[in-house]
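For reference, the structure is listed below as structure tokens.
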Amino acid sequence: MLVVMDVSATPQQIEQVVKVIESRECTARPIPGGDRVSIGVLNNKGPVDASMFIGLPGVKDAVPITKPYKLVSRETKTGDTLIQVGEVTIGNGHLTIIAGPCAIESETQAMTIAGYVKKAGAHLFRGGAFKPRTSPYSFQGLGEEGLKILAKVREKTGMPVVTEVMDFPTFDLVEHYADVLQIGTRNMQNFSLLKRAGESYRPILLKRGMAATIEEWLMAAEYIMAQGNHQVILCERGVRTFVHHSRNTLDLSAVPVVRKESHLPIIVDPSHAAGRRDQVLPLSRAAVAANAHGLMVEVHHQPEKALSDGAQSLYPDQFDILCRQVTDIFAVSGGQEPF
């Protein structure tokens, strides 16, 4: 159930509705909107009677929610969510480009790449300090030293930084250093980690699991929002299929579906979808044409020497071309789709 408050509803009237919801042993989740507040009724054990809210002062309407993902759904919030990270806005009407190496290898490497991507037009810098790798013998990241390097990149370039959080023991540490916390594909259904992300004050970039349906992905986002963190960015990064011409298959049909189903911003990671440098540019163009809100792309000045995923990392001149091309495509589409 969604209780829609009147535009003129006072804080006291909103609090009264919250108390009524909680008196029924349900969870009340206020959702600020453009001109009014709505209150989601969660954890109800059966149907909720709309009549218990309609007569309350300041209540405009009470609407049943049919989707299993309540807070994520456009039934709950019709307008698009915009997420502010420093001076960068992520969401409808904005094209946000996140770029950097797969892993932070050294301060010199990170600073060099950061200089290239900022000049080309990147808004946020990405880089892994803790790396979940298929092989236990692969480079696992620099840990806290990598986080300190990311902080230096932010200080020098002004770009907010995005990095992955893998587990509970390192969550507080990553949260301290990063501006956006990424939950990777392997952790999309790590429900304990999702709940901890829901308690974070940082925006969460949630990658789709490599075998996850869109509903499962949105339900993972619901776990985060149900704990109180409404700053969620969805990231399509390809799903596992039977093909051999790319590492994964980029599901661009997910972009319009998610934009119709959810108010959360959705970006695309063509690098992990393709696993090959030559596919990243065309997939990036296609993602922006499909009205994704942004891209997350891997860039390395010496990909042949990269300790992680060099084969899918663009050279700086290729990234410069990508930024110019997707900016032109975005200018034509405006990044907005009427639903």
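The values are calculated or read from the model by the stated rules, or taken from the named source; none is laboratory data. These figures come from a predicted structure and were not determined experimentally. Positions of Cβ are generated from backbone atoms using ideal geometry, with glycine treated the same way; all protein chains shown enter the neighbour counts. Side chains included, ligands, DNA and RNA excluded: accessible areas come from the protein's heavy atoms. Shrake-Rupley method; radii C 1.70, N 1.55, O 1.52, S 1.80 Å.
Within the stretch 69-83, the set of residues being within 25 Å of Lys19 (Cβ to Cβ) and either open to solvent by 20 Å² or more (accessible area, probe 1.4 Å) or among the acidic types (Asp, Glu) (or both) comprises Lys70, Glu75, Lys77.
Remark: pairs (first residue in the stretch 290-316, without any contact (Cβ under 8 Å) to a residue 40 or more places away in the chain; second residue in a loop (DSSP other than H, G, I, E, B) and open to solvent by less than 10 Å² (accessible area, probe 1.4 Å); Cβ separation under 6 Å; 6+ apart in sequence or on different chains) = Pro303/Ser313. The stretch 32-122 holds strands (runs of 3 or more DSSP E) entirely within its bounds, and those carrying 1 or more residues that are more than 28 Å from Lys305 (Cα to Cα) and modelled with pLDDT under 95 map to 37-42, 59-63.
Just one residue in the set Asn44, Asn92 is polar (S, T, N, Q) and in the same structural domain as Pro11 (by the TED database); that residue is Asn44.
Here Val41 meets each of (1) open to solvent by 60 Å² or more (accessible area, probe 1.4 Å); (2) hydrophobic (A, V, I, L, M, F, W, C); (3) under 20 Å from His263 (Cβ atoms) with one exception, condition (1). Would the stretch 323-333 turn up any residue that is within 30 Å of Leu71 (Cα to Cα), assigned to a helix (DSSP H, G or I) and under 19 Å from the mean Cα position of the chain (by Cα)? The answer is no, given that none of the residues of the stretch 323-333 is within 30 Å of Leu71 (Cα to Cα), assigned to a helix (DSSP H, G or I) and under 19 Å from the mean Cα position of the chain (by Cα). Restricting attention to the stretch 85-134, the residues that are touching a strand residue (DSSP E or B) at 6+ places or on another chain (Cβ under 8 Å) and closer than 22 Å to His263 by Cβ add up to 12. Determine, yes or no, whether Val243 is in the same structural domain as Thr89 (by the TED database), of a type in the set (A, V, I, L, M, F, W, C), surrounded by 16 or more Cβ atoms within 10 Å (Cβ to Cβ) and farther than 24 Å from Gly40 by Cβ. Here the answer is no, as Val243 does not meet what is asked. Within the stretch 140-155, the set of residues being at pLDDT 95 or above and either more than 17 Å from Glu105 (Cβ to Cβ) or among the aliphatic types (A, V, I, L, M) (or both) comprises Leu147, Ile149, Leu150, Ala151, Val153, Arg154, Glu155. The residues on offer are Thr66, Thr89, and the sole one that is of a type in the set (Ser, Thr, Tyr) and open to solvent by less than 50 Å² (accessible area, probe 1.4 Å) is Thr89.
Restricting attention to the stretch 8-50, the residues that are among the aliphatic types (A, V, I, L, M) and in contact (Cβ under 8 Å) with a residue 40 or more places away in the chain total 8.
Name every residue in the stretch 253-265 that is open to solvent by 40 Å² or more (accessible area, probe 1.4 Å) and in contact (Cβ under 8 Å) with a residue 40 or more places away in the chain, in order of residue number. Once the filter is applied, which keeps residues that are open to solvent by 40 Å² or more (accessible area, probe 1.4 Å) and in contact (Cβ under 8 Å) with a residue 40 or more places away in the chain, the stretch 253-265 yields Pro256, Val257, Lys260, Glu261. Taken together, the criteria place Ile224 among residues that are crowded, with 24+ Cβ neighbours inside 10 Å and of a type in the set (A, V, I, L, M, F, W, C).
Those strands (runs of 3 or more DSSP E) of the stretch 207-310 in which at least 3 residues are within 30 Å of Thr108 (Cβ to Cβ), considering only elements entirely within it, cover 294-298.
Checking each residue in the stretch 199-240 for being more than 11 Å from the chain's Cα centre (by Cα) and of a type in the set (Asp, Glu) picks out Glu199, Glu215, Glu216, Glu222. Does Thr157 count as of a type outside the set (A, V, I, L, M), closer than 20 Å to Val85 by Cβ, in contact with a helix residue (DSSP H, G or I) (Cβ under 8 Å, 6 or more places away or on another chain) and surrounded by fewer than 22 Cβ atoms within 10 Å (Cβ to Cβ)? Judged against the criteria, Thr157 is a match.
For the stretch 266-285, a residue qualifies if it is of a type in the set (D, E, K, R) and either at pLDDT below 95 or surrounded by 24 or more Cβ atoms within 10 Å (Cβ to Cβ) (or both), and exactly one does: Asp269.
The set of residues from the stretch 160-178 being in a loop (DSSP other than H, G, I, E, B) and loosely packed, with under 14 Cβ neighbours inside 10 Å comprises Phe168, Pro169. Taken over the stretch 311-320, the criterion of being in a helix (DSSP H, G or I) and touching a helix residue (DSSP H, G or I) at 6+ places or on another chain (Cβ under 7 Å) is satisfied by Ala311, Gln312, Pro316, Gln318, Phe319, Asp320.
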